Amino acid sequence: MKCAIILAGGKGTRMKSEAPKVMCEVLFKPMLHYVLRAVREAGCEKICVVTGYKHEVVEAYLDADIETAYQNPQLGTGHAVMMARDFVEKHKEDEILILNGDGPMMTAETINQVYEYHMANGNAITLTSAIVEDTNGIGHIKRDENGTLLRIVEHKDADEEEKKINESNAGMYWFNGEDLLYALSNINNQNAQNEYYLTDSLEILINKGKNAGAYICENSEVILGANDRKQLNELNSIMRRNINTAHMVNGVDIPCTDGVMIGMDVKIGACTTILPNTILLGNTVIGKDCVIGPNTYIKDGVIGNNVVLDNVKLTDSEVEDGVDCGPFVQVRAGSRLCKNVHIGDFVEVKNSVVGAGTKSAHLTYIGDSDVGENVNFGCGTVTVNYDGKNKSRCKIGNHAFLGCNTNLIAPVEIGDYAFTAAGSTITQDVPENALAVARAKQQNKEGWVTEKKPYKDMK
């Protein structure tokens, strides 16, 4: 069985954040999210997360099936794994993956490639490495003249020659459970940091006569983490680029990637165009032949085919085929726009079903309403759904025509083919085929301005 220990105890001082380091976000999700995802997709059945700084924040984020261990004080990576010793004891007959919780670029594919190498060679320990340009601060992989692994030298403990080694330790290891227990029992803190380095496990197990190996990743990006906001920005850029590229390979048109941010779980159909400054998050699904953007935000939306969303904010809602929205439209949670609906500028839809072919061209609020097919909303129409205590629904029948500046005081029902006169405030149901007029009778008081002189400059 595959098991995993994720190290997630760091404060991340250089992040200048009150949150634990692993909770700093890449594409609007904590770095820990991506690590957990990769570990699960790689087939690790049991997971233990070692927490430390603000452990309660990290623990609250974890699923119930994930075990935790607490490290305090924090005395190095080896010490962190020592805190998970009970977990290791339970899984000593298994293969145990150990990796950092601040490495969001790691993939299940890479984890399994290293695992296969580990098992094929009968290794007690297999570390993951990559060839890097910048050797400052890395763990240097030291080999003999034949390429055989010797040890890992932390940068602070390395001499000048060792600091030139550009094979970097990625901080991800596969261990045989029994061998990991042995290594943990023999790690000491005789180093420049006076810490317990997990990296010492390599030399300990080699000296015991155990097989050890290092799998060199072809793509060095998978080992990247972040220690400060600049590096976090770089991770955002890389992940954004990789996701955008994958969608373009699948037939999505992104003519200008400026400001385009697409979450890892978003699905987009072929021949859809994503325009600048568009953010797509959560479990959003977008169909074929759509135009999304510019300046559009969608989270957990389901979008059909041939949809146009221009300057739209949409959350947790469904949009069917042929709909066009925008600009400056908000579709709030619980809404469904049926086929061929038109929603124009400065319209808000909230927790409502809008029937096929319905049009609301501008300046309208549709809240807590069930709207039929082919309804016309005149400019300035408002469904008045809240009385200060309770929210009520409006029901609007098929082919109804709501005149400009109509107020529908919920709960109220407008029948099929019914009309409301412009400026009406509707407080009672309107039968089908009826015209409702609910406004004061106009009166013209001639000479009133001359008599009252309401303006300051009038004498």
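The values are calculated or read from the model by the stated rules, or taken from the named source; none is laboratory data. It should be emphasised that the depicted structure is a prediction, and the values quoted were computed from it without experimental measurement. In this analysis, Cβ positions are derived from the backbone assuming ideal geometry, glycine residues included, and neighbour counts consider all displayed protein chains.
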- Task: Return yes or no: is G397 assigned by TED's automatic domain parsing to the domain that holds D310, within 40 Å of the chain's Cα centre (by Cα) and surrounded by fewer than 20 Cβ atoms within 10 Å (Cβ to Cβ)?
- Result: no
- Message: Please verify whether E373 is in the same structural domain as T278 (by TED's automatic domain parsing), buried (at least 18 other Cβ atoms within 10 Å of the Cβ), among the acidic types (D, E) and over 27 Å from the mean Cα position of the chain (by Cα), treating the condition exactly as stated.
- Response: yes
- Task: Working only within region 289-308, note down all residues that are of a type in the set (S, T, Y) and surrounded by fewer than 21 Cβ atoms within 10 Å (Cβ to Cβ).
- Result: Y297
- Message: Any residue at all in region 244-257 that's farther than 22 Å from M105 by Cβ, among the β-branched types (V, I, T) and not in a loop (DSSP other than H, G, I, E, B)?
- Response: no
- Task: Working only within region 112-137, note down all residues that are at positive phi and modelled with pLDDT of 95 or more.
- Result: G122
- Message: Residues that are in the same structural domain as N283 (by TED's automatic domain parsing) and surrounded by fewer than 17 Cβ atoms within 10 Å (Cβ to Cβ): list the strands (runs of 3 or more DSSP E) wholly contained in region 1-76 that include at least 1 such residues.
- Response: none
- How many residues, within region 282-319, are aliphatic (A, V, I, L, M) and either in contact with a Leu (Cβ under 7 Å, 6 or more places away or on another chain) or within 15 Å of C271 (Cβ to Cβ) (or both)? 8
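Only strands (runs of 3 or more DSSP E) wholly contained in region 85-193 count here; list those with 2 or more residues that are touching a residue at least 60 places away in the same chain (Cβ under 8 Å). It would help to see each step written out before you state the result.
On the way: elements: 95-100, 125-131, 139-143, 149-154, 167-176.
Hits in region 85-193: 95-100, 125-131, 139-143, 167-176.
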- Has region 386-404 got any residue that is modelled with pLDDT under 95, over 21 Å from L337 (Cβ atoms) and among the polar types (S, T, N, Q)? yes
- Could you give me the residue pairs with C-beta distances under 7 Å whose first residue belongs to region 53-64 and is under 16 Å from V39 (Cβ atoms), whose second residue is part of a loop (DSSP other than H, G, I, E, B) wherever it lies, and which are 6+ apart or on separate chains? V58/P20
- Message: Looking only at region 228-263, filter to residues that are at pLDDT below 95 and in the same structural domain as G304 (by TED's automatic domain parsing); which one of those is surrounded by the fewest Cβ atoms within 10 Å (Cβ to Cβ)?
- Response: D258
- Message: Against the condition touching a Leu at 6+ places or on another chain (Cβ under 9 Å), of a type in the set (F, W, Y) and farther than 22 Å from N112 by Cα, how does Y53 come out, does it pass?
- Response: no
- Screening A440, A422 for residues that are aliphatic (A, V, I, L, M), exposed (fewer than 13 other Cβ atoms within 10 Å of the Cβ) and part of a loop (DSSP other than H, G, I, E, B) leaves only A440
- Among the listed residues Y182, Y215, which satisfies the condition of being surrounded by 19 or more Cβ atoms within 10 Å (Cβ to Cβ), assigned by TED's automatic domain parsing to the domain that holds C44 and in contact with a helix residue (DSSP H, G or I) (Cβ under 9 Å, 6 or more places away or on another chain)? Y215
- Query: Can you tell which of L281, L198, L180 is over 20 Å from the mean Cα position of the chain (by Cα) and either at pLDDT below 95 or more than 28 Å from V132 (Cβ to Cβ) (or both)?
  - Reply: L198
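Using the structure shown, decide if G282 is farther than 21 Å from V260 by Cα and assigned by TED's automatic domain parsing to the domain that holds T420.
No.
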- Message: Among the residues of region 123-130, are any over 25 Å from M82 (Cβ atoms), in contact with a helix residue (DSSP H, G or I) (Cβ under 6 Å, 6 or more places away or on another chain) and either surrounded by fewer than 24 Cβ atoms within 10 Å (Cβ to Cβ) or not assigned by TED's automatic domain parsing to the domain that holds E45 (or both)?
- Response: yes
